[in-house]
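What follows is a single structure, written as structure tokens, with notes after it.
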Amino acid sequence: MSEDRPQSRLWRPWLWPAFGLFVASLVGLGAYLADELVEGEGWAIDRRLLIGLRVAGDLQRPIGPHWIQQSAVDISALGGPTLMWLFGVSGLVWLVCRRQRAEAAWIGASLIGASLISSSLKYAIDRPRPALVPHLAQVTDSSFPSGHSLVSAALYLTLALMLAEDARSWAARGAIVGFGALLVVLIGCSRVYLGVHWPSDVLGGWCFGTAWALAVFAANRRLHRKRFATGTVRDDRG
């Protein structure tokens, strides 16, 4: 992110209230889902979607050709802890090597914070995994929220937003953020397709993960704006 101009390409002052309202709405929706589960409530649409993704009369088989199941497994792995930490640490090291230490710190905050949020919510709510259909992937922990959905949203969207700031056109910035969002959506959908999460688990993960990514990005922006205003930042990247 270049510091040779006082205004970020992605930010204008009048956007802050709308931005804050959007983040609050995401957190509110996630909190609503969590509260309903704590009270023992469930959603009929969860059951309908899981059943609808399996062949009638044979719940072991997901709908669609075999390659879709393999693709779901592959896409799901992109949100797993192994690749999340590999990508996160690689991005952090790359940013440090480019002397973008503030950005590296925010990537670390995004990954660590999202992991802690996911683990805390899973422990507090302790929702059982869906037993309605056979699982097509191995799982061991609680169901809500989907950790794959939450952590991937936090990390991939944080990376996409930071990379988009260096893009030279709105089309390029939109493509970067759009690809990050598409990847997050596919990861979440793959978890439902594999039968290891209720759809509401994934929705909750998207809400909390996206809110965290936006909060991290906004904090990064405000810090840079403040440092630029006080003259303590200059662009060392050419």
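Descriptive notes on the structure:
- Of the residues S200, S142, S169, S146, the single one that is at pLDDT below 90 and either of a type in the set (G, A, S) or closer than 19 Å to F87 by Cα (or both) is S169.
- Where L182 falls short, out of the listed (1) in a helix (DSSP H, G or I); (2) free of Cβ contacts under 8 Å to residues at least 24 places away in the same chain; (3) in contact with a Pro (Cβ under 8 Å, 6 or more places away or on another chain): (3)
- When we screen E36, E41 for residues that are more than 18 Å from V151 (Cβ to Cβ), modelled with pLDDT under 85 and either assigned to a loop (DSSP other than H, G, I, E, B) or open to solvent by less than 80 Å² (accessible area, probe 1.4 Å) (or both), the only hit is E41.
- Of all the numbered requirements in (1) loosely packed, with under 15 Cβ neighbours inside 10 Å; (2) touching a residue at least 12 places away in the same chain (Cβ under 8 Å), L92 misses one, and that requirement is (1).
- Checked against (1) buried (at least 19 other Cβ atoms within 10 Å of the Cβ); (2) of a type outside the set (S, T, N, Q); (3) modelled with pLDDT under 95; (4) over 22 Å from I68 (Cβ atoms), G195 meets all criteria but (4).
- Residue count for the stretch 144-179, restricted to those that are open to solvent by less than 10 Å² (accessible area, probe 1.4 Å) and closer than 15 Å to C207 by Cα: 10
- Within the stretch 103-131, the set of residues being surrounded by 14 or more Cβ atoms within 10 Å (Cβ to Cβ) and outside any helix (DSSP H, G or I) comprises R127, R129, P130.
- Scanning the stretch 130-175 for residues that are within 26 Å of Y32 (Cα to Cα), without any contact (Cβ under 8 Å) to a residue 12 or more places away in the chain and more than 21 Å from the chain's Cα centre (by Cα) turns up just one, A131.
- Every residue from the stretch 58-74 that is exposed (fewer than 10 other Cβ atoms within 10 Å of the Cβ) and either closer than 18 Å to P130 by Cα or touching a residue at least 60 places away in the same chain (Cβ under 8 Å) (or both): D58
- R54 fulfils the conditions (1) open to solvent by less than 70 Å² (accessible area, probe 1.4 Å); (2) at pLDDT below 90; (3) more than 17 Å from the chain's Cα centre (by Cα) except for a single criterion, (2).
- Residue check, V216 more than 30 Å from V55 (Cβ to Cβ), of a type in the set (V, I, T), at pLDDT below 95 and touching a Phe, Trp or Tyr at 6+ places or on another chain (Cβ under 7 Å): yes
The values are calculated or read from the model by the stated rules, or taken from the named source; none is laboratory data. Treat the numbers as computed from the prediction; the structure is a model and nothing was measured. Heads up, the Cβs are rebuilt from the backbone with ideal geometry, glycines too, and the neighbour counts pull from every protein chain shown. Quick note on the areas: whole protein, heavy atoms, side chains included, nothing else; ligands and nucleic acids left out. Shrake-Rupley method; radii C 1.70, N 1.55, O 1.52, S 1.80 Å.
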